[in-house]
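*Asks:* Have a look at this one before I ask anything.
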Amino acid sequence: MKNIIPEIYVENCKEAIEYYKDVFGGEAKNVQLADGMEMFKGYEGKIIHAENHINQNCVIYLVDKFDDKTQANSINLVLEMDSEDEIRRLYNRLSQDGTVKFELQKTFWGAYHAIITDKFGVTWALNYSLK
């Protein structure tokens, strides 16, 4: 396996792209609209594919939800951080607009850890393993 890239379906993908660029950094690439594609007739203005390239190894795909049937099934996306500063920064940023499910704290497994559901309903588990 080369890598795993999450594809996240959200309401208002255009807003989500900007939000995640602000939270995680990175660059939006390959943004594709449904406009002019026969198979997406009726969904004009919706984004059928976008990528946020955070760094060489971290990419998130984003897609507009087309109906209420598209949902995640109890998935947490675990982000392994490089530093205590990074986990605190992301925790503070995501919790501004989201719901904290597990407060940022030192854990029994030797890490700082937190779980937050962001304003788009995506659940992020933040982890920084202490060395």
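*Asks:* Among the residues of the stretch 91-129, what is the count of those that are of a type in the set (Lys, Arg) and either over 22 Å from residue 60 (Cβ atoms) or in contact with a Ser or Thr (Cβ under 8 Å, 6 or more places away or on another chain) (or both)? Explain how you work it out, then say what you get.
*Replies:* Going residue by residue through the stretch 91-129, those that are of a type in the set (Lys, Arg) are 93, 101, 106, 119.
If we keep only those that are either over 22 Å from residue 60 (Cβ atoms) or in contact with a Ser or Thr (Cβ under 8 Å, 6 or more places away or on another chain) (or both) too, we end up with 101, 106.
Qualifying residue count for the region: 2.
*Asks:* Next question, about the same structure. So residue 2 clears everything in (1) in contact (Cβ under 8 Å) with a residue 12 or more places away in the chain; (2) in a loop (DSSP other than H, G, I, E, B) except one condition, right? Which one?
*Replies:* Result: residue 2 fails condition (1) only.
*Asks:* Just checking, does the stretch 20-28 include any residue being within 11 Å of the chain's Cα centre (by Cα), of a type in the set (Val, Ile, Thr), closer than 18 Å to residue 55 by Cβ and at pLDDT 95 or above?
*Replies:* yes
*Asks:* Condition check: touching a residue at least 24 places away in the same chain (Cβ under 8 Å), in the same structural domain as residue 12 (by TED's automatic domain parsing) and out of contact with any helix residue (DSSP H, G or I) (no Cβ under 8 Å at 6 or more places or on another chain). Does residue 23 satisfy that? Explain how you work it out, then say what you get.
*Replies:* Working: touching a residue at least 24 places away in the same chain (Cβ under 8 Å): yes; in the same structural domain as residue 12 (by TED's automatic domain parsing): yes; out of contact with any helix residue (DSSP H, G or I) (no Cβ under 8 Å at 6 or more places or on another chain): no.
Considered against the rule, which asks whether it is touching a residue at least 24 places away in the same chain (Cβ under 8 Å), in the same structural domain as residue 12 (by TED's automatic domain parsing) and out of contact with any helix residue (DSSP H, G or I) (no Cβ under 8 Å at 6 or more places or on another chain), residue 23 comes out as no.
*Asks:* If you don't mind, another one. So how many residues does the stretch 98-130 have that are charged (D, E, K, R) and either over 18 Å from residue 85 (Cα atoms) or in the same structural domain as residue 24 (by TED's automatic domain parsing) (or both)? Write out each step before concluding.
*Replies:* Here is the first cut: in the stretch 98-130, the ones charged (D, E, K, R) are 101, 103, 106, 118-119.
Checking which are either over 18 Å from residue 85 (Cα atoms) or in the same structural domain as residue 24 (by TED's automatic domain parsing) (or both) leaves us with 101, 118-119.
Count: 3.
*Asks:* Would you please list the contacts, defined by Cβ atoms under 6 Å and residues six or more apart or on different chains, that run from a residue in the stretch 39-68 that is in the same structural domain as residue 24 (by TED's automatic domain parsing) to a residue that is polar (S, T, N, Q) and exposed (fewer than 15 other Cβ atoms within 10 Å of the Cβ)?
*Replies:* Taking only residues 6 or more apart or on different chains, the pairs are 48/32; 49/32; 51/30.
*Asks:* In the stretch 1-37, which residue that is under 20 Å from residue 81 (Cα atoms) and among the aromatic types (Phe, Trp, Tyr) is surrounded by the fewest Cβ atoms within 10 Å (Cβ to Cβ)?
*Replies:* 24
*Asks:* Taking the criterion of being buried (at least 16 other Cβ atoms within 10 Å of the Cβ), charged (D, E, K, R) and touching a strand residue (DSSP E or B) at 6+ places or on another chain (Cβ under 7 Å), would at least one residue in the stretch 114-129 satisfy it?
*Replies:* Among the residues of the stretch 114-129, at least one is buried (at least 16 other Cβ atoms within 10 Å of the Cβ), charged (D, E, K, R) and touching a strand residue (DSSP E or B) at 6+ places or on another chain (Cβ under 7 Å), which makes the answer yes.
*Asks:* Separate question: Looking at the stretch 96-106, is at least one residue over 14 Å from residue 125 (Cβ atoms), under 13 Å from the mean Cα position of the chain (by Cα) and buried (at least 17 other Cβ atoms within 10 Å of the Cβ)? Break it down stepwise before answering.
*Replies:* Taking the stretch 96-106 first, the residues over 14 Å from residue 125 (Cβ atoms) are 96-97, 106.
Those left that are additionally under 13 Å from the mean Cα position of the chain (by Cα): none.
Looking through the stretch 96-106, none of the residues is over 14 Å from residue 125 (Cβ atoms), under 13 Å from the mean Cα position of the chain (by Cα) and buried (at least 17 other Cβ atoms within 10 Å of the Cβ).
The values are calculated or read from the model by the stated rules, or taken from the named source; none is laboratory data. No experiment lies behind these values; they were computed from the predicted model shown. We place every Cβ from the backbone using ideal geometry, glycine too, and count neighbours over all the protein chains shown.
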